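Heads up, the thing below is written out as structure tokens.
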Amino acid sequence: MIQPHRSQHMPFVRIDLFSGRTEEQKANTARAITEALVQHAGCTPDSVQILFADVEKSDWATAGVLASRRGQ
């Protein structure tokens, strides 16, 4: 009998950020989020997956205005 696929990596956290964060900032953020999920959600550190997605300000709009044009 074929078993349904079960991911052993839960939770999966995606963080969209404007480009410009350093590798050290991302590492510190990943560590803090992992620690919070372990403490508050009962996860193991090995189960937490985090994806950082760098986004250019010209690729993000709020209320019809590109972030790159805000404040102009």
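The values are calculated or read from the model by the stated rules, or taken from the named source; none is laboratory data. The model shown is predicted, which means the values in this text are computed figures rather than measured ones. Because the Cβ atoms are built from the backbone with ideal geometry, glycine has one as well, and the counts that use them run over all protein chains shown. Ligands, DNA and RNA are excluded from the accessible area calculation, which covers all protein heavy atoms including side chains. Shrake-Rupley method; radii C 1.70, N 1.55, O 1.52, S 1.80 Å.
Observations on the structure shown:
- The accessible area of residue 38, taken with all protein chains in place and a 1.4 Å probe, comes to roughly 50 Å².
- With Cα atoms, 0 to 90° folded angle of helix 23-41 axis to the chain main axis: 50 degrees
- With contacts taken as Cα pairs under 8 Å at a separation of at least 6 residues, the chain carries a relative contact order of 40 percent.
- Amide H to amide H, with H built 1.01 Å from N, residue 43 comes under 5 Å of 38, counting only residues 5 or more places away or on other chains.
- Nitroxide proxy distance, nm - points 7 Å out along Cα→Cβ at residue 50 and residue 28: 1.2 nm
- Descending semi-axes in Å of the chain, equivalent ellipsoid built from Cα gyration tensor: 32, 17, 10
- Between the amide H of residue 13 and those of 49, 50, 51, distances stay under 5 Å, these residues lying 5 or more places away or on another chain, with hydrogens modeled in the peptide plane.
- Across the range 56-64, computed HN-Hα scalar couplings (Karplus, 6.51 cos²θ - 1.76 cosθ + 1.60, θ = phi - 60°) run 6, 4, 6, 9, 10, 10, 10, 6, x Hz from first to last residue, x flagging Gly and Pro.
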